[in-house]
Structures are given as C-alpha cells and as structure tokens.
Amino acid sequence: MEQIVNAGEKSDLDVPDLIVEIEMAEQLAEIYVDYRADKYSADEATEKLKAFIGHHPDYADAHDLLGAIAMSSRHYAAARKAHGAALCLRQEKYGSTHPRVAASINHLGDLARAEGKHDEAEKYYKDSLTMWEGTLGKEHADIAIGLMNLADLYRELHRYDEAINVLHRALAMNEKLLGTSHPDLAWTLSGLGQAYLHGGFKDKAREAYERAVVITESKNGMDASLLIPLLIELAKIYRVTDEKGRAENHYKRAVEISEKTFGADHPHINTSLLRLAEFYFNERRYEEAERVYKRIIEIENAARGSDSLGAGRRMMDLAEVYYIQGRYQEAEGMYLKALPIIETCLGRGHSVMIGALENMRDLYKKWGRIKEADVFQVRLDEMKAMSNAKSAE
C-alpha cells in the first residue's frame, strides 16, 4: 500500500503547525504499524482511527488509512466513504489538480478494482496519472506507483500486453530515478514477471524474477522477509519450466527465511509451508506433502484454535492426500473434521463448502458407499439451489 503518512511535504506550514502535523502523522503511523504487526485487529484499528478523526476531522491521511483498512476487510461502502472524505478535504485545501488530490483519486481506483468495477478503476488510475504528469512532470516516483497499479489491473483482466508495456515504462522510470540496483525495483520486476508468466513468456518471467531476487539479496540490512514472495514466485516459474530441483530448493529457502524471521511456530510461515506442500502433492510425493500439511495444521491449531478457517482448509488438503492414495478411512475422518469448520466460518452456500461436499460425495462413490454418496449429493443440490437463489436476489 502506498505510504499514507507524509507530513514532510506540508512544508508551506509555519513551524508550530508543522510540528502539530508531524505529531499527528506519528500517531497515525503508530496505529498503522501496530495494525500491520497484528497488535490490533481491523475492528480495533478502525475504532482508534475513528477516535483520532474525532479530534482531527480535517486530517485527510486518517480518512485514507481508515478507508484502506475497511477495504482490506471488504467493507467497501465504508472504504468509499472514507476515501471520498479524504478526496474532498484535499480538493478544498489544495485545489483540484494537486498531486495529493491525484493520490486520493488513485486510492479510489484501488477500491473500484477491489469491488470488481474495472472500467471505473481504469478511469481513476488514468485520471490520477494525467494529473500527476501535469503537476510533477513525466518522471516521478508517484507516477511509477500509479503505473504499477494500472498494470495490476491489466493483469487481473488478462490484458497482459498492456500490463507489460506499462510495467516497462515504470521500470525504466524507477531505474532512472533510483538506479539500476535499488531494492524498490524488485517489486516492479515482480509485477513484470507475473505479466510475462501469464502472457506466456516463461523465459522473460524467469529473467525478471531472478533479477528481483539478486537485487533484494544484494542489499545489506534489507528485511529478509522481502525475499519470501520472490522466491515463491521464482519457484513457481521453475516448476513451469520443469526445473523441479530448483523449484524445491527455492520453496525450502522461503520456508527457512520465514522460520528465521517469524519463528518456527508462527502462523506467518504457513504461506511458505503451504507452497512447499502443494509442490510435493503435485509431484506425487505424498509422504512429504502429508508431513508438511500436518505441520501447518499444528501451527494453525496452536495459533488460532482447532476450529479456525485455516485449520479447516488444510484439513481438506490433507484429506485429499489420503484420498488420492486410497486411504479412504483416514480421508473420511479428516473431511468430517473439516466440514463443520468450513460451514461455520464461511456459511453453507460458500464455494469452498460446496467443494468440500463434492469431495465427500466423490470419496464415498470411490469407496463403493453409494448410499452415503447419495446423501451428500442431496446436500449439494440443496446448497447449490440456496446459493443460486442468493445470487439472483
């Protein structure tokens, strides 16, 4: 997410006013940092921000942060209200074409994209870019961020050629502004690698990700956790190019860095463990996949409880490992543990719940227990009818 707190740019203020602005920015930053560190839930962070806004109703950055947290929680109406308030405040303070106004419009583009309003998102992104270019020139860090947001939209819409063109422009801009080995280039290269991969350019995708990894590794003092998503994506490319040994090594390295960064039992390491487990499953290395899935479930149970959604979904994965090996009794037990968790967490009509019931039906069919399979088919038909009725409302 674009940094929200930026009191230093308010240099037109008198010194006492600037000190107040910096103090407010520090308070806001503290809320944001604690939220990202899981010290606050989204609801707790929201309440703290509302209290802050109660004292400083004209502070646009607070409204933007409130909108960002609401958006991450999929409370889109609240996010639109908060980002809209920030936009109005900035237009009143700076005028209609100021770079800070462009930033607000870009936030609205992020929100529209999250809501699936793609045409609206594209217009917001392009409008903000035009505004930035008119006030900041053709090459500026804000413009590079805006280009990457637009490219993300194009990738989501499978408009890969457009995404690649936009990302090449952002990369060239960042190289000129920051230098060819600046760590921020890694994220532009990562987006470019994604666009290349999904566009069918495997070799170029690999080249982009390998350069991103090299840049990130070369910077002393860099947060090692920044390597984790890059290693995972590069491992994915090695799988596609049939370099299975290199893929496994990169997945394992992502796990090792996660363990060193967060601790061997922290739930944050489960992202890396899950990718390793999926790799083993796809390679039909079921014993290793089983071992990793069991470890993930243990971590989830200890951190979030045995009835958490994360535990339930990984139980489903482990059940599939059993099922594909013909270990039907173990698969049945694991599915039956997972089903009530999935239903409680997501609801009866959710696609994950429907998939879980389909798995149970298929298990009983394969096992020759046709009566049980029929029972789950009836549940499936009822659930799909309910889901379709809700969609039609």
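The values are calculated or read from the model by the stated rules, or taken from the named source; none is laboratory data. Here the structure is a predicted model, which means the values were calculated and not measured. Cβ: placed from backbone, ideal geometry, glycine included. Neighbour counts: every protein chain shown.
Buried (at least 21 other Cβ atoms within 10 Å of the Cβ), more than 27 Å from Y335 (Cα to Cα), in contact (Cβ under 8 Å) with a residue 24 or more places away in the chain and among the charged types (D, E, K, R): does that describe E248? No, not satisfied.
Count of segment 57-72 residues, restricted to those that are surrounded by 15 or more Cβ atoms within 10 Å (Cβ to Cβ) and either touching a Phe, Trp or Tyr at 6+ places or on another chain (Cβ under 8 Å) or over 17 Å from N106 (Cα atoms) (or both), is 5.
Looking at R314, R295, R291, R284, just one residue is closer than 23 Å to E248 by Cα, outside any helix (DSSP H, G or I) and modelled with pLDDT of 95 or more, and that residue is R284. Does R36 meet the test of being basic (K, R) and either over 23 Å from N106 (Cβ atoms) or modelled with pLDDT of 85 or more (or both)? No, not satisfied. When D64 is tested against the conditions (1) among the charged types (D, E, K, R); (2) more than 21 Å from the chain's Cα centre (by Cα); (3) within 30 Å of G179 (Cβ to Cβ); (4) not in a loop (DSSP other than H, G, I, E, B), the lone failure is (2).
Annotation note: of A311, A254, the sole residue that is in contact (Cβ under 8 Å) with a residue 12 or more places away in the chain, surrounded by 16 or more Cβ atoms within 10 Å (Cβ to Cβ), under 30 Å from A385 (Cβ atoms) and out of contact with any His (no Cβ under 7 Å at 6 or more places or on another chain) is A311.
Any residue at all in segment 206-216 that's under 19 Å from the mean Cα position of the chain (by Cα), part of a helix (DSSP H, G or I) and farther than 21 Å from I105 by Cα? Scanning segment 206-216, I find at least one residue that is under 19 Å from the mean Cα position of the chain (by Cα), part of a helix (DSSP H, G or I) and farther than 21 Å from I105 by Cα, so the answer is yes. Here is a check on your reading of the model: is L336 surrounded by fewer than 17 Cβ atoms within 10 Å (Cβ to Cβ) and either closer than 22 Å to F281 by Cα or touching an Asp or Glu at 6+ places or on another chain (Cβ under 7 Å) (or both)? For L336, the condition - surrounded by fewer than 17 Cβ atoms within 10 Å (Cβ to Cβ) and either closer than 22 Å to F281 by Cα or touching an Asp or Glu at 6+ places or on another chain (Cβ under 7 Å) (or both) - is met.
Please identify the pairs in which a residue from segment 269-294 that is on the phi < 0 side of the Ramachandran plot has its Cβ atom under 7 Å from the Cβ atom of a residue that is of a type outside the set (G, A, S) and not in a helix (DSSP H, G or I), counting only partners at least 6 apart or on another chain. Short answer, once both residue conditions are applied: Y286/Q325. Applying the criterion of being over 33 Å from the mean Cα position of the chain (by Cα), free of Cβ contacts under 8 Å to residues at least 12 places away in the same chain and surrounded by 14 or more Cβ atoms within 10 Å (Cβ to Cβ) to the residues of segment 339-371, the residue that is nearest to Y293 (Cα to Cα) is K365. Restricting attention to segment 298-311, the residues that are small (G, A, S), outside any loop (DSSP other than H, G, I, E, B) and under 20 Å from E330 (Cα atoms) total 2. Test A303 against the stated conditions and say whether it is surrounded by 14 or more Cβ atoms within 10 Å (Cβ to Cβ), in contact (Cβ under 8 Å) with a residue 24 or more places away in the chain and either among the hydrophobic types (A, V, I, L, M, F, W, C) or in contact with a helix residue (DSSP H, G or I) (Cβ under 7 Å, 6 or more places away or on another chain) (or both). Answer is yes for this residue.
Would you confirm, using the coordinates I've provided, whether Y238 is under 18 Å from S190 (Cβ atoms), of a type outside the set (A, V, I, L, M) and either surrounded by fewer than 19 Cβ atoms within 10 Å (Cβ to Cβ) or more than 20 Å from the chain's Cα centre (by Cα) (or both)?
yes
Could you look through segment 132-144, keep only residues that are surrounded by 21 or more Cβ atoms within 10 Å (Cβ to Cβ) and of a type in the set (A, V, I, L, M), and pick out the one that is nearest to G95 (Cα to Cα)? It comes out as I143. Filtering L108, L89, L49 for residues that are in contact with an Asp or Glu (Cβ under 7 Å, 6 or more places away or on another chain) and either part of a helix (DSSP H, G or I) or within 30 Å of L157 (Cβ to Cβ) (or both) leaves a single hit, L89.
Checked against (1) surrounded by 12 or more Cβ atoms within 10 Å (Cβ to Cβ); (2) at pLDDT 70 or above, L18 passes all but condition (2). Pairs linking a residue in segment 112-138 that is modelled with pLDDT of 95 or more to a residue that is surrounded by fewer than 21 Cβ atoms within 10 Å (Cβ to Cβ) and aliphatic (A, V, I, L, M), with Cβ atoms under 7 Å and 6 or more positions apart or on different chains, are H118/L157. Per the conditions (1) at pLDDT 70 or above; (2) under 30 Å from P267 (Cβ atoms), the sole criterion not satisfied by V5 is (1).
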